[in-house]
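Scroll down for the structure; my scribbles are underneath it.
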Amino acid sequence: MLALGACGRVQADTPAAQRQAVTRACLDGELQAFGLKLDRVGCACASNVLQAQLSPKAMTALEDYARGREKGFDAARAGLSGDEKLMLDPERPAGAPDLRKVAADCL
């Protein structure tokens, strides 16, 4: 019985936990700053696609943002470069790439 219960829990540091945090933040509208405002199916799809397409550092930064860890987000984002850094900038300039570009198949 204990093994069955353990299978239903998601460890906090696993890719599944990252996807879960990103999906929840997307559903709650907390990722609008990054261009993601989707329905339930779109958010679930986006979290899977983002994890597959973004670097592990970028996904960690996004998870930190989704969980409200501002210091972790800022530190992780500082280590990014190029489009990923722009995509994860809540105040990115108009026309800069956003996460919708990465999750385009989910729109």
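The values are calculated or read from the model by the stated rules, or taken from the named source; none is laboratory data. Small disclaimer: the values here were computed from a predicted structure and weren't measured. No Cβ is skipped: glycine too gets one built from the backbone with ideal geometry, and neighbour counts run over all protein chains shown. Keep in mind that these areas ignore ligands, DNA and RNA; they rest on the heavy atoms of the full protein, side chains included. Shrake-Rupley method; radii C 1.70, N 1.55, O 1.52, S 1.80 Å.
Quick one: 3J(HN,Hα) in Hz for the stretch 37-42, Karplus 6.51/-1.76/1.60 with θ = phi - 60°, rounded, Gly and Pro as x.
Karplus values, whole Hz, x for Gly and Pro: 9, 10, 7, 4, 5, x.
Hey, what's the stretch 54-106 come to in accessible area per residue, 1.4 Å probe, Å²?
Here the residues of the stretch 54-106 average 56 Å² of exposed surface.
Round to the nearest 10 and report in Å² the accessible area of ASP105, as given by a 1.4 Å probe over the protein chains' heavy atoms.
The accessible area comes out at roughly 150 Å².
Could you tell me the relative contact order of the stretch 54-106? Use alpha-carbon pairs under 8 Å, at least six residues apart, and round to a whole percent.
Details: 42 pairs, mean separation 14.8, N = 53.
Here the relative contact order equals 28 percent.
Mind ranking ARG77, ARG40, ARG67 by accessible surface for me, highest first, 1.4 Å probe?
If we order ARG77, ARG40, ARG67 from most to least accessible, we get ARG40, ARG67, ARG77.
Using a 1.4 Å probe and ignoring any ligands, DNA or RNA, find the accessible area of LYS37 and quote it in Å² to the nearest 10.
That residue has around 140 Å² of solvent-accessible surface.
Using log10 I(q)/I(0) by the Debye sum over Cα atoms at q = 0.11, 0.12 Å⁻¹ as the read-out, say which of [x] -0.42, -0.49; [y] -0.32, -0.38; [z] -0.50, -0.56 was calculated from these coordinates.
[y]
Take the solvent-accessible surface of the protein heavy atoms, probe 1.4 Å, and return the percent of it on the chain that carbon and sulfur atoms account for.
On the chain, the fraction of accessible area on carbon and sulfur atoms equals 52 percent.
Answer with one residue from ALA61, PRO97, SER47: the one whose Cα lies farthest towards the positive end of the charge dipole of the chain, charges on Cβ with Lys, Arg +1 and Asp, Glu -1.
The residue sitting most towards the positive pole is SER47.
Let me have the 222 nm mean residue ellipticity of the chain computed from DSSP H runs of 4+ only, each contributing -39500 (n - 2.57), with the sum over all residues rounded to the nearest 500.
-17000 deg cm²/dmol
Report the extension gain between VAL41 and GLN53 in nm, rounded to one decimal, defined as 0.36 nm multiplied by the number of residues separating them, less their alpha carbon distance.
Contour length minus Cα-Cα distance gives 2.5 nm.
Quote to one decimal, in nm, the extra length available between GLU70 and LEU27 on full extension: 0.36 nm per residue of separation minus the C-alpha distance between them. Kindly include the intermediate steps, with their values, before the conclusion.
Numbers: separation 43, 0.36 × 43 = 15.48 nm, distance 1.94 nm.
Extra length from GLU70 to LEU27 when fully extended: 13.5 nm.
Report, in debye and to the nearest 20, how large the dipole of the chain comes out about its Cα centre when Lys and Arg carry +1 and Asp and Glu carry -1 on their Cβ. Numbers along the way, then the final one.
Values: 14 positive and 14 negative charges, 38 e Å.
My answer is approximately 180 debye.
Using a Gaussian network model of the chain with C-alpha springs under 10 Å, which one of GLU30, GLU84, GLU70 is most mobile by mean-square fluctuation?
Between GLU30, GLU84, GLU70, it is GLU70 that shows the largest mean-square fluctuation.
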